[in-house]
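Asker: Would you mind keeping the following structure in view while I ask a few things?
The values are calculated or read from the model by the stated rules, or taken from the named source; none is laboratory data. Keep in mind it's a predicted model, so treat the numbers as computed, not measured. All Cβ positions, glycine included, derive from the backbone under ideal geometry; neighbour counts span all protein chains shown. Remember, those area values only see protein heavy atoms, side chains included, never the ligands or the DNA or RNA. Shrake-Rupley method; radii C 1.70, N 1.55, O 1.52, S 1.80 Å.
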Amino acid sequence: MLKDEILHLLERRRGEVVSGGELAKELGVSRTAVWKAIHTLEQSGAAIETLQGAGYRLAEHSDALSPTMLQESLSTRFVGRSLELLPEVDSTSNYLKRNASEPPNGHVAVADRQTGGRGRLGRSFVSPEGSVYLSVLLKPEGRGEGKSSFLGDLSPAETQFLTICAAVAVCRALKRAADMDCDIKWVNDVFWGGKKICGILTEASINAELQSLEYAVVGIGINMGEVPEEIAGIATSVWEATGRRGLRAAVTAALLEEFEKVCLDFVEGNKKEEILRAYEDRLFVQGREVLVTTAKEQYRAVVAGVDADAALLVKRDGADITRLVSGEITLL
Ligand code: BTN
């Protein structure tokens, strides 16, 4: 699409002014077509500066994503090799689940905004324009000749470990792209400065007859800009943490790369323990008193760590260690 090509070109030459004539020549279209495409880009929120008589420039803080640019900047083998950018969608995870049969293993759907962003336990995930909302489609392919070993023959029971892989990947990506040191709140939240900056939702489709995994969708949302008022007390963003804008492309690329690395370490590299250690190192609830909420009860306990399957271990007063595989904890 012309507007993506223009964005790609301006992004490659970020900081430079490129004339309408040059854009038209380079892309083999008329100046009017360029002008119209720029207008559409501006309307969809891409910060493009028009310098009268000189041309166009992508503003320093522009957070517009170009799928071509994103793919070019990725050094992954699977994740994001096939990628699509949706200006608006109900939820990138719903979108992939609706269309799971076609795209290849590692396909990524990125959205500028979501109208029905979903979180764990049936909650919604507030998804205004300009943050990072993406879902990765993972299809086990078995092992053996001619088959990619990415994800191997991951079992349904192992899918929840993808949430752990994603949480570690988010922390590494935010360190790399924004120099942020984040914490993890079991099981699927990434925090910065005591507030939530990212949520992760892993869903799977299982063939009940064969007891095998058909596909998994790992959805990740990272707050990048202004935090909507309704969640300001509990959520933060990359911009609030660093004062920097324009990091959306860098965070997205770093996230996809780190996620692939951790998944490969898990599946190919047999490094589950190492990943768990990286997860536990960032678990800020470690040793703290929390309120545990499960489907059946609510109680106070102290967090003792996670076990080999990433279940949370909590110690209740006068009781043995309890293993928590679902439910939620709130710091007291
Ligand atoms: C949570 O906070 O409980 C998990 C939030 C997960 C949000 C991401 S954003 C991309 C993907 N699409 C969704 O609807 N949810 C996930």
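Asker: Which residues, counting only those in the stretch 92-122, are modelled with pLDDT under 95, of a type in the set (D, E, K, R) and not in a helix (DSSP H, G or I)?
Answerer: Passing the criteria: Glu102, Asp112, Arg113.
Asker: Quick one: which residue in Arg57, Arg81 is more than 16 Å from the ligand (Cβ to nearest atom), farther than 30 Å from Gly21 by Cα, open to solvent by 60 Å² or more (accessible area, probe 1.4 Å) and not acidic (Asp, Glu)? Break it down stepwise before answering.
Answerer: On the way: Arg57 fails: farther than 30 Å from Gly21 by Cα.
One residue alone meets the criteria, Arg81.
Asker: Scanning the stretch 206-239 for residues that are assigned to a strand (DSSP E or B), open to solvent by 30 Å² or more (accessible area, probe 1.4 Å) and out of contact with any helix residue (DSSP H, G or I) (no Cβ under 6 Å at 6 or more places or on another chain), which turns out nearest to the ligand (Cβ to nearest atom)?
Answerer: Applying the first criterion (assigned to a strand (DSSP E or B)) to the stretch 206-239 yields 206-207, 212-222, 235.
Keeping just the survivors that are open to solvent by 30 Å² or more (accessible area, probe 1.4 Å) gives 206-207, 212, 214-215.
Now narrow it down to the ones that are out of contact with any helix residue (DSSP H, G or I) (no Cβ under 6 Å at 6 or more places or on another chain): 207, 212, 214-215.
Numbers: Asn207: 23, Ser212: 24, Glu214: 19, Tyr215: 15 Å.
Step by step, filter the stretch 206-239, then rank; the result is Tyr215.
Asker: Looking at (1) open to solvent by 50 Å² or more (accessible area, probe 1.4 Å); (2) within 16 Å of the ligand (Cβ to nearest atom), which is the one condition that is false for Glu102?
Answerer: (2)
Asker: If I filter the stretch 263-319 down to residues being of a type in the set (D, E, K, R) and in contact with a Ser or Thr (Cβ under 8 Å, 6 or more places away or on another chain), which single residue comes out as least open to solvent (accessible area, probe 1.4 Å)? Step through it out loud before you land on a result.
Answerer: Step one: of the stretch 263-319, the residues of a type in the set (D, E, K, R) are 265, 268, 271-274, 277, 280-282, 288-289, 296-297, 300, 307, 309, 315-317.
Then keep just the ones that are in contact with a Ser or Thr (Cβ under 8 Å, 6 or more places away or on another chain); that gives 268, 315-316.
Details: Glu268: 82, Lys315: 93, Arg316: 67 Å².
If we take residues in the stretch 263-319 being of a type in the set (D, E, K, R) and in contact with a Ser or Thr (Cβ under 8 Å, 6 or more places away or on another chain), then Arg316 is least open to solvent (accessible area, probe 1.4 Å).
Asker: What are the residues in the stretch 320-332 that are in a loop (DSSP other than H, G, I, E, B) and open to solvent by 40 Å² or more (accessible area, probe 1.4 Å), if any? Quick ask: steps written out before the conclusion?
Answerer: We begin by selecting, within the stretch 320-332, every residue in a loop (DSSP other than H, G, I, E, B); these are 320, 325-327, 332.
Of everything in the stretch 320-332, those that are in a loop (DSSP other than H, G, I, E, B) and open to solvent by 40 Å² or more (accessible area, probe 1.4 Å) turn out to be Asp320, Val325, Ser326, Leu332.
Asker: Then there is this: Take Ile200 and decide whether it is buried (at least 19 other Cβ atoms within 10 Å of the Cβ), in contact (Cβ under 8 Å) with a residue 40 or more places away in the chain and either within 15 Å of the ligand (Cβ to nearest atom) or under 18 Å from Glu141 (Cα atoms) (or both).
Answerer: In short, no.
Asker: Of the numbered conditions (1) away from the ligand (no atom under 13 Å from the Cβ); (2) in contact (Cβ under 8 Å) with a residue 24 or more places away in the chain; (3) closer than 21 Å to His107 by Cβ; (4) touching a strand residue (DSSP E or B) at 6+ places or on another chain (Cβ under 8 Å), Asp183 satisfies every one except a single condition; which is it?
Answerer: In the conditions (1) away from the ligand (no atom under 13 Å from the Cβ); (2) in contact (Cβ under 8 Å) with a residue 24 or more places away in the chain; (3) closer than 21 Å to His107 by Cβ; (4) touching a strand residue (DSSP E or B) at 6+ places or on another chain (Cβ under 8 Å), Asp183 misses (3) alone.
Asker: Identify the residue in the stretch 157-180 that is outside any helix (DSSP H, G or I) and within 16 Å of the ligand (Cβ to nearest atom) and, among all such residues, is nearest to Val227 (Cα to Cα).
Answerer: Gln160
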